[in-house]
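The structure under discussion appears below in the form of structure tokens.
Rule-based calculations on the coordinates, nothing more; no lab input. Quick caveat: nothing in here was measured; it's all calculated off a predicted structure. Heads up, the Cβs are rebuilt from the backbone with ideal geometry, glycines too, and the neighbour counts pull from every protein chain shown.
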Amino acid sequence: MSRKITIEPITRVEGHGKVTIKLDDQNKVSEARLHVVEFRGFERFVQGRPYWEASVLVQRLCGICPVSHHLCASKALDRIVGVSSDELTPTADKMRRLMHYGQFFQSHVLHFFYLASPDLLFGVNSDPAQRNIVGVIKAFPELAKKAVLMRKFGQEIIQATAGKKIHGTGAIPGGINRHLTVKEKDHFISGAADYNANLMVDWALEGLELFKSYHKKNQTWVDGFASFESNYMSLVRKDGALDLYHGGLRAIDSEGNKIFDHVDYQEYHKYITEEVRSWSYMKFPFFTSLGPSKGWYRVGPLARLNTCDFIPSPLAQKEFENYKAYTSGKPNGNSMHMHWARLIETLHAAEMIRDLLIDPDLYSGELEKKGSRRSEGVGVLEAPRGTLFHHYKVDENDLITMCNLIVSTTSNNEAMNRSVKWVADHVLDGQSEIPEGMLNQVEVAIRAYDPCLSCATHAVGQMPLIVNLEDETGKILDQKVRDGV
Amino acid sequence: MEQGHIKINIDGREIIAKEGQSIVQAARDNGIFIPTLCDFKSLQPAGTCRMCLVKVGERYVSACTTIVSQGMSVENESVELKENRKSLIEMLFVEGNHMCPSCEKSGNCQLQALAYRYQMTAPRYPFSFTQRKIDASLPYLVVEHNRCIQCLRCVRGVKAKDGHDIFGFIDRGGAIHISVDTTDTEAATEVIAQKAMDICPVGALIKKGGAYRVPIGERKYDNEVIGSDVEKERDKV
Ligand code: SF4
Ligand code: FES
């Protein structure tokens with residue numbers, strides 16, 4: 001008799017994931033699936049709208065990384081108005097980068113300090129009532145205060161470049177609509193007494209130290225938990241450097257061999273196929289040349305530090321070297337190292353922000369460029385959670401006729417499923433009851449990807465979960481329920 | 001009092017008005033704001049939107065079409081009238097499809113600005129969800145029927161060089177919508193598109209290619225409440 005366990009995060013908002021684990025007669029895990037019901041219909045929704053609305057409309061896709069969508073759509077629209085994103089004026093390019101680094105910084109900080117640090121500070125199996133940001137504030141008030149100010153700093157960078165902390169309008173097709181003011185510069189560099197651009201770099205380093213000391217004490221767990229090999233993909237700069245905003249696509253296998261390199265992302269559809277599976281709204285993309293079973297890949301911090309050759313900011317580069325040395329230069333498949341990679345990127349973003357703020361191009365210079373109109377454009381950038389694709393076709397009246405998005409979490413779809421399978425294999429196998437701690441581990445495994453499922457991020461501290469153990473007929477044999485705190 | 005001037009009273013305050021003026025104009029000259037949507041500068045008033053409803057005696061009248069008369073007593077800022085105005089704004093919102101966050105006119109839209117002034121949070125009426133067309137076939141002009149409030153400002157104010165109409169209305173009742181005379185070559189010009197966008201109080205007429213050029217924070221109503229320009233003059237009067 002085969003059995004089915006369903007883990008269902010219940011949320012106060014739309015869009016939630018649901019985990020089903022199938023057991024065979026010997027209670028062995030035969031399959032693990034993460035069902036996702038997000039992003040449905042958005043590509044239809046923008047059809048028939050004037051193309052310039054896309055970069056403002058698509059931000060509504062996500063309350064967590066609206067800036068990534070705003071900038072990615074703008075990059076696609078640059079093509080429509082006849083400019084490539086690397087031909088923008090220096091002012092436009094740098095203002096957009098500043099906005100992007102601000103977003104990266106605040107998003108990574110949110111993830112690490114608010115969502116992941118409770119696991120690290122209190123232990124993955126500790127009481128969920130404490131294992132959340134509220135617990136962190138009580139037990140580590142200094143750290144919590146820094147986390148709050150770091151987020152605030154990132155959000156203020158976004159506001160200064162996009163006009164608003166969320167759902168701004170800064171980037172326009174072919175450019176940007178404003179300069180940074182000297183007053184804003186002063187505020188970020190020295191204006192606020194308790195937080196500024198230099199402190200952000202220091203605090204990002206402190207975050208890294210927090211992870212490293214945790215790693216030292218829990219090496220086996222951190223290295224082993226939900227660890228598996230995969231392919232990886234990200235943008236890299238022409239010289240192979242990490243570039244979060246622009247570059248060519250690079251894909252490598254688990255040994256570090258290049259599958260493709262410096263691919264012009266306008267041609268992404270020649271390299272990536274999106275597979276639809278009946279049980280999830282989220283597609284499963286794979287590298288066309290390798291096929292669906294071998295061609296799945298990971299994106300995000302882990303992937304980026306696997307694909308890039310170096311990081312173009314000194315402190316992050318130093319940390320990158322240590323990080324690479326840990327796996328002897330080989331691609332790193334340890335899912336929990338995602339946090340490590342994320343913190344190195346946080347440091348990189350802080351360094352980039354600090355250096356950009358003193359760049360004169362932000363304060364004067366041409367904002368916008370135009371070329372000859374095209375009917376199609378693809379925009380790609382590295383969002384905090386990984387490579388993000390926006391693809392539009394526009395008719396002669398300027399209305400959108402086609403939109404295709406591959407969001408980062410979609411690229412990580414297969415990997416998240418495998419992570420759940422890993423947990424099920426290790427925790428559940430051979431047992432007919434849902435063991436204590438299983439829910440936590442599923443949560444930790446999925447959370448490493450910082451998926452933009454509302455369920456993973458909207459709940460303070462922990463995902464509310466239901467685990468159902470069912471037999472073939474759907475009869476519930478065992479159930480564990482955990483509400484959000 | 002000068003020749004041709006009369007005295008009227010708005011909310012208990014006595015003001016001097018010019019004979020032949022509408023209540024809206026007289027109020028404005030005296031630093032009193034009466035909200036309007038269809039009324040526009042020197043255009044012949046149309047009285048289509050009812051935003052400017054005030055009370056004269058026991059009667060509700062539209063202040064943009066009602067001419068002042070000696071001794072007239074006008075109620076403008078009462079709780080009841082404010083509530084009426086808020087309801088009207090809400091009805092305009094539910095009747096159309098207004099997506100403020102992505103609208104090119106956001107921050108410069110009078111409907112949105114009035115919603116802020118009258119502190120509309122969410123409409124109390126059900127949305128009609130009527131899907132209307134967006135017509136972008138002209139080279140410079142987008143007509144977004146989802147956002148039109150049928151104020152007739154474009155019909156009255158945007159004319160061809162020889163004075164004939166470019167915008168008109170077709171159908172009646174719920175099906176009423178504006179139409180553009182595309183047989184007129186001027187309809188296809190950038191000048192007309194700009195004029196149309198400028199005169200439209202909402203985002204129903206949009207000139208192509210200029211969206212979101214004004215950063216958030218620098219748009220017309222980002223920093224001042226609609227009507228505050230009129231009210232600022234009050235102390236000077
Ligand atoms: S298009 Fe604009 S100006 Fe013309 S009637 Fe509609 S809302 Fe009024
Ligand atoms: S402004 Fe008076 S009716 Fe519209």
(request) State which residue is surrounded by the fewest Cβ atoms within 10 Å (Cβ to Cβ) when the search covers only segment B:57-69 and only residues that are closer than 17 Å to B:R28 by Cβ and more than 7 Å from ligand 2 (Cβ to nearest atom). (result) B:I67
(request) Go through segment B:137-146 residue by residue and tally those that are facing chain A (nearest Cβ under 8 Å) and away from ligand 1 (no atom under 11 Å from the Cβ). (result) 1
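Whether any residue in segment B:199-208 is without any contact (Cβ under 8 Å) to a residue 12 or more places away in the chain, outside any strand (DSSP E or B) and within 14 Å of another protein chain (Cβ to nearest Cβ) is what I want to check. Walk me through how you get there before you give the answer.
Our first condition is that a residue be without any contact (Cβ under 8 Å) to a residue 12 or more places away in the chain; within segment B:199-208, this holds for none.
No, because not a single residue in segment B:199-208 is without any contact (Cβ under 8 Å) to a residue 12 or more places away in the chain, outside any strand (DSSP E or B) and within 14 Å of another protein chain (Cβ to nearest Cβ).
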(message) Of the residues B:I176, B:I149, B:I134, only one is within 28 Å of A:I400 (Cβ to Cβ), more than 10 Å from ligand 1 (Cβ to nearest atom) and either of a type outside the set (S, T, N, Q) or out of contact with any strand residue (DSSP E or B) (no Cβ under 6 Å at 6 or more places or on another chain) (or both); which?
(response) B:I134
(message) Checking the structure you have, find out if any residue of segment B:92-113 is within 15 Å of ligand 1 (Cβ to nearest atom), away from chain A (no Cβ under 14 Å), surrounded by fewer than 19 Cβ atoms within 10 Å (Cβ to Cβ) and within 20 Å of the chain's Cα centre (by Cα).
(response) yes
(request) Just give me the residues in segment B:1-37 being buried (at least 21 other Cβ atoms within 10 Å of the Cβ) and either assigned to a strand (DSSP E or B) or in contact with a Leu (Cβ under 6 Å, 6 or more places away or on another chain) (or both), in sequence order. (result) B:I8, B:I10, B:A17, B:S22, B:P35
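Might you check whether a residue that is within 14 Å of chain A (Cβ to nearest Cβ), surrounded by 12 or more Cβ atoms within 10 Å (Cβ to Cβ), under 30 Å from A:L77 (Cα atoms) and under 21 Å from the mean Cα position of the chain (by Cα) occurs anywhere in segment B:182-193?
yes
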(request) Among the helices (runs of 4 or more DSSP H) lying completely within segment A:131-200, list those that include at least 1 residues that are touching a Pro at 6+ places or on another chain (Cβ under 9 Å). (result) A:133-139, A:141-162
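Across segment B:41-64, which residue is nearest to ligand 1 (Cβ to nearest atom) among those that are farther than 17 Å from B:G20 by Cβ and not in a loop (DSSP other than H, G, I, E, B)?
Of segment B:41-64, the ones farther than 17 Å from B:G20 by Cβ are B:46, B:48-55, B:57-60.
Next, from what is left, pick out any that are not in a loop (DSSP other than H, G, I, E, B): B:53-55, B:59-60.
Numbers: B:L53: 18, B:V54: 22, B:K55: 26, B:R59: 27, B:Y60: 23 Å.
Among residues in segment B:41-64 that are farther than 17 Å from B:G20 by Cβ and not in a loop (DSSP other than H, G, I, E, B), the one nearest to ligand 1 (Cβ to nearest atom) is B:L53.
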